[in-house]
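To start, the structure under review is shown below, and the notes come after it.
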Amino acid sequence: MTDDKDVLRDVWFGRIPTCFTLYQDEITEREAEPYYLLLPRVSYLTLVTDKVKKHFQKVMRQEDISEIWFEYEGTPLKWHYPIGLLFDLLASSSALPWNITVHFKSFPEKDLLHCPSKDVIEAHFMSCMKEADALKHKSQVINEMQKKDHKQLWMGLQNDRFDQFWAINRKLMEYPAEDNGFRYIPFRIYQTTTERPFIQKLFRPVAADGQLHTLGDLLKEVCPSAIAPEDGEKKNQVMIHGIEPMLETPLQWLSEHLSYPDNFLHISIIPQPTD
């Protein structure tokens with residue numbers, strides 16, 4: 001893995017200033033003040049919002065509280081998507097802080113998975129990591145790890161410990177020198193303009209002639225509508241972690257440096273803001 005540790009740190013410590021407000025129809029005993037929090041981009045909403053939950057429960061009666069869920073401008077927020085992906089996909093063109101509405105009733109069964117405990121988040125996270133390693137190394141690296149290594153990856157994410165997480169995760173980012181990269185790149189491409197949750201296909205980081213594939217090559221093959229024609233105007237932004245990487249960037253480098261902790265590149269295709 002090329003050593004651009006500053007990039008890894010910048011990605012890990014990315015934060016989104018957020019204002020949580022209780023939904024107006026929730027029953028409270030006194031007025032609920034908004035709650036402000038810097039959300040870590042690489043984490044999950046249900047993992048980092050215990051304080052938000054406690055803050056609003058203080059003004060509510062026990063019988064008025066059921067499972068907490070979050071919404072932004074009418075869209076329920078999927079807790080199993082990383083926070084940075086949710087923001088890039090739904091709110092990247094809006095002003096900060098990100099305004100999220102908190103609900104304790106009327107759970108939207110059709111839109112969201114239930115999240116009864118942190119164990120559910122851990123199971124989802126580890127399942128994504130295993131899927132990513134199946135693509136990268138035929139699962140050899142993750143299967144050779146001990147249970148305590150898997151736990152260290154999870155605890156590193158849960159407790160926001162960069163060094164603890166990367167001490168193990170770097171093994172998942174290595175590959176034999178003669179290969180020039182992973183077997184396939186774990187990626188998911190999301191668009192708000194389609195019903196399909198995301199696009200995911202097998203895509204190699206290196207072409208048959210030995211050339212490194214780029215982000216542009218990936219998009220041309222699996223999502224050509226995302227790229228502006230050479231003579232046309234740019235209609236979309238291609239975002240990872242709130243930035244628009246150059247389309248010439250090698251996919252292997254992106255996979256090593258801009259993947260989320262679950263080892264996937266989560267790529268948002270969003271309409272170009274008109275301002």
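The values are calculated or read from the model by the stated rules, or taken from the named source; none is laboratory data. On a predicted model such as this, the values are computed, not experimentally measured, just so you know. Note: ideal-geometry Cβ built from the backbone for every residue, glycine included; neighbour counts use all protein chains shown. For accessibility, only protein heavy atoms count, side chains too; no ligands or nucleic acids. Shrake-Rupley method; radii C 1.70, N 1.55, O 1.52, S 1.80 Å.
Mind sorting out which of [x] 36; [y] 46; [z] 40 is the real percent of Cα pairs over 29 Å apart computed from the coordinates? It is the value labelled [x].
Remark: the chain carries a charge dipole of roughly 760 debye about the Cα centre, counting +1 on each Lys and Arg Cβ and -1 on each Asp and Glu Cβ.
Whenever you get a sec, compute what percent of the accessible area on the chain sits on carbon and sulfur atoms (1.4 Å probe).
Numbers: 6970 of 14170 Å².
Carbon and sulfur atoms account for 49 percent of the accessible area of the chain.
List the lysines whose Cα sits under 25 Å from the Cα of residue 147, skipping any in the same chain fewer than 8 residues away. By straight Cα distance, residue 147 reaches 118, 130, 136, 138, 171. Applying 1/(1 + (r/R0)^6) with r as the Cβ-Cβ distance of residue 274 and residue 147 and R0 = 41 angstrom yields a FRET efficiency of 0.20.
Residue 243 to residue 57: FRET efficiency via 1/(1 + (r/R0)^6), r the Cβ-Cβ distance, R0 51 Å, to the nearest 0.05?
Details: r = 36 Å, r/R0 = 0.71.
Using R0 = 51 Å, I get an efficiency of 0.90.
Taken per residue, the accessible surface of the chain reaches 52 Å², heavy atoms only and a 1.4 Å probe.
How big is segment 1-108 by the Kirkwood estimate over distinct Cα pairs, in Å? Before the final figure, lay out the partial values.
Values: mean 1/r = 0.0672 Å⁻¹.
When all Cα pairs of segment 1-108 are included, the Kirkwood radius is 14.9 Å.
Segment 1-76 and segment 179-229 have Cα centres lying 31 Å from one another. The HN-Hα couplings worked out from phi for segment 37-51 by the Karplus form 6.51 cos²θ - 1.76 cosθ + 1.60 (θ = phi - 60°) are 8, 8, 8, x, 4, 7, 9, 10, 3, 6, 8, 10, 10, 4, 5 Hz, whole numbers, x standing for Gly and Pro. Sorted on the mean count of surrounding Cβ atoms within 10 Å across their residues, most packed first, peptides 256-266, 151-161, 108-118 read 256-266, 151-161, 108-118. Were the residues from residue 105 through residue 117 laid out at 0.36 nm apart, the gain over their Cα-Cα distance would be 2.6 nm.
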